[in-house]
Amino acid sequence: MSSHPEIGQAQLPQQGVPVIRNVNWGGLRTLYVKEVRRFFKVQLQTVWAPAVTTLLFLVIFTVALGGGGRTVPLQGREVHFADFIAPGLIVMGMLQNAFANASFSLLVGKIQGTIVDYLMPPLSTAELLAALTGGAVTRAFCVGAAVWVAMAIWPGVNVTPQHLWAVLWFGLLGSTFLALLGVLTSIWAEKFDHAAAVTNFVVAPLSLLSGTFYSVEKLSPTFQAISHANPFFYIISGFRYGFLGVADSPVLAGSLILLATDVAMALLCYALLRKGWKLKN
């Protein structure tokens, strides 16, 4: 035993001194990996099934409806119908799965009583939000890659990107937007019916009415204005630009609108998570 107890005491950390001073990278990585492993364990349902479903949409619209020789006017160009709808179908699958992944995590924790597993670890609100959003965006890109591979081997469709940066950028902005919407839904929802209602009455209508299967140029001025108020429109238009080199709207303006929307959604989710609204009650 030391004859100078103050020496041993000096080696102990003082009470109230934080051990994690900046970002808890270990905890952030752990939660992110947990979110990714959760959907990878059932990847047949979460990745490959959406790819098959999206490919069936392409087959129906190009074969069953006689769209093999159809073209769509887009910014003075005649674009092959299959080439026109393929990018929209890819990003639509990404968006829907980003929302599904993010809207499940906190909601199932509240229903099963395991929400404490998200709230008690030494993670800040920003780290928790980043991990949940990152897991959803990862799933979205996995689905997008699977859909792209399926369409690439399908005859009669050209899905070679002309501007890869636009594909990645608008895919990231769109997936982040839907992931944040999913987090917001999982905070608000108290049962799976609530999350399903947002999917059926918000996500699905906005994605289907955003120019995925048609050119907004064909709409009347009133419906064009309504389409331009839909954030999904800018996601699909910018993503399509990455494949075709033309878009229904200015790419820079769409990028700025989506970036501002993502920031606003992130701040809202951060405020609600920090307050613990419907999570700590």
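Read the figures in this text as sums done on the coordinates, not as results from a lab. Bear in mind the structure is a predicted one, so any value in this text is a computation, not a measurement. Using ideal geometry, Cβ is built from the backbone for each residue, glycine included, and neighbour counts are taken over all protein chains shown.
Could you pull the Rg and Dmax for segment 235-281, using just the Cα atoms, both in Å?
For segment 235-281, the Cα-based Rg and Dmax read 16.1, 50 Å.
Please state, to two decimals, what the Cα-based radius of gyration of the chain comes to when divided by 2.2 N^0.38 Å (N = residues). Each step should come with its number before you reach the end.
Working: Rg = 22.5 Å, N = 281, 2.2 N^0.38 = 18.7 Å.
Ratio of Cα Rg to 2.2 N^0.38 Å: 1.20.
In a Debye calculation with equal point scatterers on the alpha-carbon sites of segment 118-188 and no solvent, what is log10 I(q)/I(0) at q = 0.14, 0.21, 0.27 Å⁻¹?
-0.56, -0.93, -1.21
Given H placed 1.01 Å from N in the peptide plane, which residues other than close sequence neighbours of residue 24 have an amide H under 5 Å from its amide H?
Sorted by chain and number, the residues that satisfy this are 124.
Report the label-to-label distance for residue 219 and residue 49 in nanometres (one decimal), using points 7 Å from each Cα along the Cα→Cβ vector.
Between residue 219 and residue 49, the simple spin-label model gives 3.1 nm.
Segment 207-274: Rg/Rh from Cα coordinates, Kirkwood Rh? Write out the running numbers ahead of the final one.
Numbers: Rg = 13.6 Å, Rh = 12.9 Å.
Ratio of gyration radius to Kirkwood radius for segment 207-274: 1.06.
Identify, among 147, 220, 30, the residue whose Cα sits farthest towards the positive end of the charge dipole of the chain, taking +1 on the Cβ of Lys and Arg and -1 on the Cβ of Asp and Glu, with the dipole about the Cα centre.
Value: 30.
For residue 152 and residue 77, compute 0.36 nm times the residue count separating them, minus their Cα-Cα distance, and round to one decimal in nm.
Values: separation 75, 0.36 × 75 = 27.00 nm, distance 2.25 nm.
Contour length minus the Cα-Cα distance gives 24.8 nm.
If each residue of separation counts as 0.36 nm, what is the full-extension length gain between residue 56 and residue 267 once their alpha-carbon separation is subtracted?
72.2 nm
Where does the charge balance sit around residue 45 when Lys and Arg score +1, Asp and Glu -1, over other residues with C-beta under 14 Å from its C-beta?
Once all neighbours under 14 Å are counted, the net charge is +3.
Starting with the highest mean, order 259-266, 239-246 by the number of other Cβ atoms within 10 Å, averaged over the residues of each peptide.
239-246, 259-266
What is the distance in Å between the Cα centres of segment 133-184 and segment 202-228?
For segment 133-184 versus segment 202-228, the Cα centre distance is 20 Å.
Cα axis of helix 164-188 to longest principal axis of the chain: angle in degrees, 0 to 90, nearest 10?
Around 60 degrees separate the two axes.
Please give the FRET efficiency for residue 126 paired with residue 191, using the beta carbon to beta carbon distance and R0 = 30 Å, rounded to the nearest 0.05.
My answer for the efficiency is 0.60.
Starting from the Cα of residue 278, draw a straight line to each of the lysines and keep only those under 27 Å, dropping any in the same chain fewer than 8 residues away.
34, 110, 191
I'd like the Karplus ³J(HN,Hα) series for segment 197-213: coefficients 6.51, -1.76, 1.60, θ = phi - 60°, whole numbers in Hz, and an x wherever there's a Gly or Pro.
In residue order, the calculated couplings are 5, 5, 4, 7, 10, 10, 5, 4, x, 5, 6, 6, 9, 10, x, 5, 10 Hz.
Roughly how tilted is helix 125-152, in degrees to the nearest 10 and between 0 and 90, from the longest Cα axis of the chain?
Between helix and principal axis, roughly 30 degrees.
Just need the relative contact order of the chain here, percent rounded to a whole number, with Cα pairs under 8 Å and 6+ apart.
For the chain, the relative contact order is 24 percent.
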